[in-house]
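**Student:** Have a look at the structure that comes next, please.
The values are calculated or read from the model by the stated rules, or taken from the named source; none is laboratory data. Note that the coordinates shown come from a computational prediction; the quantities given were computed from them, not determined experimentally. FYI the Cβ positions are ideal-geometry reconstructions off the backbone, even for glycines, and counts take in every protein chain you see. Side chains included, ligands, DNA and RNA excluded: accessible areas come from the protein's heavy atoms. Shrake-Rupley method; radii C 1.70, N 1.55, O 1.52, S 1.80 Å.
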2 protein chains.
Amino acid sequence: MLTFELLATEGAARRGRLTLNHGIVETPVFMPVGTYGTVKAVTPASLEAMGAQIILGNTFHLWLRPGLDVIRGFGGLHRFENWSRPMLTDSGGFQVWSLGEMRKIAEEGVRFASPVNGDKLLLTPEVSMQIQHVLNSDIVMQFDECTAYETAGHRTTEAEARASMELSLRWARRCLDEFIRLENPNALFGIVQGGMFESLREVSIAQLVELDLPGYAIGGVSVGEPKDEMRRIVAHTPHRLPAAKPRYLMGVGTPEDLVEGVAAGVDLFDCVMPTRNARNGHLFTRFGDLKIRNARHRSDDRPLDPTCACYACGGFSRAYLHHLDRCGEMLFSMLATVHNLHYYLNLMREIRAAIEAGTFAAFAQQFRADRARGV
Amino acid sequence: MLTFELLATEGAARRGRLTLNHGIVETPVFMPVGTYGTVKAVTPASLEAMGAQIILGNTFHLWLRPGLDVIRGFGGLHRFENWSRPMLTDSGGFQVWSLGEMRKIAEEGVRFASPVNGDKLLLTPEVSMQIQHVLNSDIVMQFDECTAYETAGHRTTEAEARASMELSLRWARRCLDEFIRLENPNALFGIVQGGMFESLREVSIAQLVELDLPGYAIGGVSVGEPKDEMRRIVAHTPHRLPAAKPRYLMGVGTPEDLVEGVAAGVDLFDCVMPTRNARNGHLFTRFGDLKIRNARHRSDDRPLDPTCACYACGGFSRAYLHHLDRCGEMLFSMLATVHNLHYYLNLMREIRAAIEAGTFAAFAQQFRADRARGV
């Protein structure tokens, strides 16, 4: 089940409330990514403490490891990974697509060799629905083909993007049929494709809306296109989706991208950026980003961000984090992940409060000024 | 400063209370090892929550990274690593000794090349005291020479062990002089050496006791000797040390070793075993040890130890831990470390309660039976 209430709007920005089988999600929301049934380097207790409302799981990865038989024994992903709040799973489409030369896409689905053990596998819309049914995620994503921005230097043409988008639409219908057949009690989202072509995205929207799905995602962005191309699609697509349903911008992005996405009418975001960048020493703060490996942090006793209420900023200096990173200590990744996720989650809290107060435009302006100031 | 109260005894086992500059330590106690200013894979908040009373820092490692200038800027190791409870630092002696061919031991001290950047360095009793003064640890260890059990197949002779022990005694006197000169407000412990020779250990004790130090350690065990050799020394040395002062058995050991050490009159223990073994998938439980990589855990929905109150056992199955380990996820090391440290700390809590109740002998018997049962 899924219900979505719109509590407030300001321009295209929306403050909403999503009710799912495992609980309530206040939107706009950022969803930390937990590929293998864990958000890397952070405990579920810590995620809850920092206010994560919903996390992601990756169908493709969990299908291969630990395998469905194991997760079925736990009645789904929630108990397996000790996370009681809502969860969204992707369809596996993006991951098999990312295998590049290692996979073959046909009408039926995608054939590929398991990167874990070389087994020949076939992922179809139906199989994706079957896997996600076992995972018992609150939001199930349709199996789609992500349209490439370019392939080996060749820009995807409009005809290629159209064929790809139409395949995703046929797969959406097969997903819905299988989702219904399985009597999955959760919510299936469709994914708008169409590459960098607004007219194709409008066709995709029109056809997906006919399926009357409980939510829609914007796919095929953040796939290697220039930033202004991404901005063009983010400005185009979200507000054309049904106003009464949640809108999810997949795989995006920087803090600036999130604020821009909200302004364009997006409700849900996910990205590996806060967690992956944390492990690489790239830290987000209110006053810009900080590379902890820089020697200037070596004896700096200030926290990463004096305005941040996270555990890392509450007791640890830049000098200590620099030292931990230099020594390859796991605690670095742990503290950096807590900080970056807290930053993203807190940014969304501030965005929600601003939309409620009708001050989102002013908030966005201050946000950009603060971020440009530098740490 | 250091005061030590004996609250109860049972045979040679002692229940004590150590008061140090940063707080009180109930003994017998296990001290988690925090080599580079972090107990690997665990936060200070988590250590406090699981009842760690005192942790270790390694003088040698911290001297090289981040370097004394950085730690001096924080007024010592406590604020640098965000740990407010007591701390013990070793002298660096064991680490330079472990460099093997890379170091040269003389009367003055140990010359070696930094494993970090190749710099030629000299560690002496005085330098060790100077470093530990900057670290401001509550318990400072004397600089000593660890006597090898064997070197390249050659068993250390009594004459060699005597010469090594006598060098450590001369270094103990130099450490005390420098400790006094620096007006270090903390407590300096002497280290009993003498290899596997009881008569030498008795000479070492007699000479160290003349220095009237506030505490004494048993060094030179757990250095590659057979288990029964270690047992012989642990049975011999602790109870010969002054009853009114704390006794610290360095670098030991398994849960069984801890119970045996307490029975022999030891008050303080440290060892990398719970943390290092955790990261390698070796987990300690009341009913014996468990190797999480074993395929039989693949779909086992039980916690590691149903009698354990740690965060890992409170919500995560063996199957999930097996999966995390297989995928190389950091959360595995985090949960395994919490579990193993909790096991060690809880074992010491149970030991303290048993000595207080006068039931330590019965406790030790039940402990051995439980551990032999198997998981």
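**Student:** So the label point sits 7 Å from Cα along the Cα-to-Cβ vector; using that for A:ARG181, what distances do you get to the other copies, in nanometres, sorted shortest first?
**Tutor:** Label-point separations across copies, in nm and ascending: 8.5.
**Student:** How far apart, in nm, are two points set 7 Å out from the Cα along the Cα-to-Cβ line at A:THR3 and at B:ASN294?
**Tutor:** That separation, rounded to one decimal, is 5.0 nm.
**Student:** So, R0 is 25 Å and r is the distance between the beta-carbons of A:ASN280 and A:SER98; what FRET efficiency does that work out to, to 0.05?
**Tutor:** Calculated transfer efficiency: 0.80.
**Student:** Find the accessible area per residue for region B:17-81; the probe is 1.4 Å, ligands and nucleic acids are left out, and the unit is Å².
**Tutor:** Accessible surface, normalised per residue, equals 25 Å².
**Student:** Where does chain B land at 222 nm, in deg cm²/dmol rounded to the nearest 500, when only DSSP H runs of n ≥ 4 count, each adding -39500 (n - 2.57), divided by all residues?
**Tutor:** Rounded to the nearest 500, it is -12500 deg cm²/dmol.
**Student:** For A:LYS40, list the lysines whose Cα falls under 17 Å from its own Cα; do not include residues on the same chain fewer than 8 positions away.
**Tutor:** Straight-line reach from A:LYS40, under 17 Å: B:LYS40.
**Student:** Report the rotationally averaged projected area of chain B based on its alpha-carbon convex hull, in square nanometres.
**Tutor:** 18.1
**Student:** Between exposed GluC sites (Glu not before Pro) in chain A, where DSSP calls loop and at most 16 other Cβ atoms lie within 10 Å, what's the longest gap?
**Tutor:** A:184-375
**Student:** So what is the relative contact order for chain A, in percent, with contacts set as C-alpha pairs under 8 Å and at least six apart?
**Tutor:** Rounded, it is 17 percent for chain A.
**Student:** Counting only protein heavy atoms and a 1.4 Å probe, tell me what percentage of region A:170-256's accessible area is made up of carbon and sulfur.
**Tutor:** 55
**Student:** At B:ILE105, with labels set 7 Å past Cα in the Cβ direction, how many nm apart are the copies from this one, shortest first?
**Tutor:** Listed shortest first, these distances are 6.6 nm.
**Student:** What does the extension gain come out to for B:ALA369 and B:ALA152, with contour length at 0.36 nm per residue minus their alpha carbon separation?
**Tutor:** Working: separation 217, 0.36 × 217 = 78.12 nm, distance 3.81 nm.
Full-extension gain reported as 74.3 nm.
**Student:** Once A and B are treated as a pair rather than alone, how much accessible area drops out, both sides summed, in Å² to 100, probe 1.4 Å?
**Tutor:** Using a 1.4 Å probe on protein heavy atoms, the buried area is about 3500 Å².
**Student:** Return the carbon/sulfur percentage of the accessible area of region B:30-140, one whole number, probe 1.4 Å, all protein chains in place.
**Tutor:** After summing per-atom areas, the C and S share lands at 52 percent.
**Student:** What does the structure give for B:294-305 when I average, per residue, the other chain Cβ atoms found within 10 Å of the residue Cβ? Walk me through the numbers on the way to the answer.
**Tutor:** Numbers: counts 0, 0, 0, 0, 5, 8, 2, 6, 0, 0, 0, 0.
For peptide B:294-305, the averaged partner shielding equals 2.
**Student:** Got the A:GLU210 label distances to the other copies yet, label 7 Å along Cα→Cβ, in nm, shortest first?
**Tutor:** Nearest first, the other copies' label points are 10.0 nm away.
**Student:** Would you list which lysines come within 20 Å of B:LYS120, measuring only between C-alpha atoms, while excluding same-chain residues fewer than 8 positions from it?
**Tutor:** B:LYS104
**Student:** Roughly how many whole Å is it from the C-alpha centroid of region B:148-163 to that of region A:167-245?
**Tutor:** The two parts, judged by their Cα centres, are 74 Å apart.
**Student:** Let me ask something additional. Short version: what are the Cα gyration tensor semi-axes of the protein assembly as shown, square root of 5 times each eigenvalue, largest first, in whole Å? All intermediate terms of the calculation are to be shown ahead of the outcome.
**Tutor:** Details: eigenvalues 652, 153, 100 Å².
Ellipsoid semi-axes (Å, largest first): 57, 28, 22.
**Student:** Also: May I ask you to rank B:HIS22, B:HIS239 by accessible area, largest first, using a 1.4 Å probe over the protein chains only?
**Tutor:** B:HIS239, B:HIS22
**Student:** Hey, got the average number of other protein chain Cβ atoms within 10 angstrom for residues in B:65-72? Mind dumping the intermediate values first?
**Tutor:** Working: counts 3, 9, 3, 0, 2, 9, 4, 1.
Per residue, the number of nearby Cβ atoms from other chains is 4 on average.
**Student:** Please state, rounded to one decimal and in Å, the Kirkwood hydrodynamic radius that region A:75-234 gives when every pair of distinct Cα atoms enters the mean of 1/r.
**Tutor:** Numbers: mean 1/r = 0.0613 Å⁻¹.
The answer is 16.3 Å.
**Student:** Still on this structure, I have one more. Can you give me the accessible area per residue for region A:288-336, using a 1.4 Å probe, in Å²?
**Tutor:** 39
**Student:** How large is ³J(HN,Hα), in whole Hz, for each residue of region B:237-244 in order, when computed from phi with the Karplus curve 6.51 cos²θ - 1.76 cosθ + 1.60 and θ = phi - 60°, using x for Gly and Pro?
**Tutor:** 7, x, 6, 7, 7, x, 5, 7
**Student:** Let me ask something additional. Per residue of B:77-84, count partner chain C-beta atoms within 10 Å of its C-beta, then hand back the mean as an integer. Provide the component values of the computation, followed by the final result.
**Tutor:** On the way: counts 0, 0, 4, 6, 7, 8, 1, 1.
Mean partner-chain Cβ count within 10 Å for B:77-84: 3.
**Student:** Kindly report, to the nearest 10 Å², the accessible surface of B:SER299 as traced by a 1.4 Å probe over protein heavy atoms only.
**Tutor:** Per-residue accessible area (B:SER299): approximately 80 Å².
**Student:** So for B:ARG170, B:ARG302, what's the accessible-area order with a 1.4 Å probe, most first?
**Tutor:** These residues rank, largest area first, as B:ARG302, B:ARG170.
**Student:** Ignoring any ligand, DNA or RNA, what whole percent of the accessible area of region A:273-375 comes from carbon and sulfur when the probe is 1.4 angstrom?
**Tutor:** 48
**Student:** Are there residues in region A:1-49 whose accessible area shrinks by at least 20 Å² when all protein chains are included rather than the chain by itself, and which are they (probe 1.4 Å, ligands and nucleic acids not counted)?
**Tutor:** A:TYR36, A:THR38, A:LYS40, A:ALA41, A:THR43, A:PRO44, A:ALA45
**Student:** Let me ask something additional. List, in order, the whole-Hz ³J(HN,Hα) value for each residue of region A:317-323 obtained from phi through the Karplus relation with A = 6.51, B = -1.76, C = 1.60 and θ = phi - 60°; use x for Gly and Pro.
**Tutor:** With coefficients 6.51, -1.76 and 1.60, one gets 8, 4, 4, 5, 5, 4, 4 Hz.
**Student:** On to the next question. Calculate, for A:ARG170 and B:ARG349, the FRET efficiency according to 1/(1 + (r/R0)^6) with r their C-beta to C-beta distance and R0 56 Å; round to the nearest 0.05. Working shown, then result.
**Tutor:** Numbers: r = 63 Å, r/R0 = 1.12.
Efficiency, rounded to the nearest 0.05: 0.35.
**Student:** Spin-label point model (7 Å from Cα, Cβ direction): what's the B:ALA45 to B:ALA309 distance in nm?
**Tutor:** Modelled inter-label distance: 2.1 nm.
**Student:** Something else now. Leaving out ligands and nucleic acids, and using a 1.4 Å probe, what accessible area per residue does region B:168-272 come to in Å²? List each step's numbers first, then the result.
**Tutor:** Numbers: 3420 Å² over 105 residues.
Spelled out: the 1.4 Å probe surface of region B:168-272, per residue, equals 33 Å².
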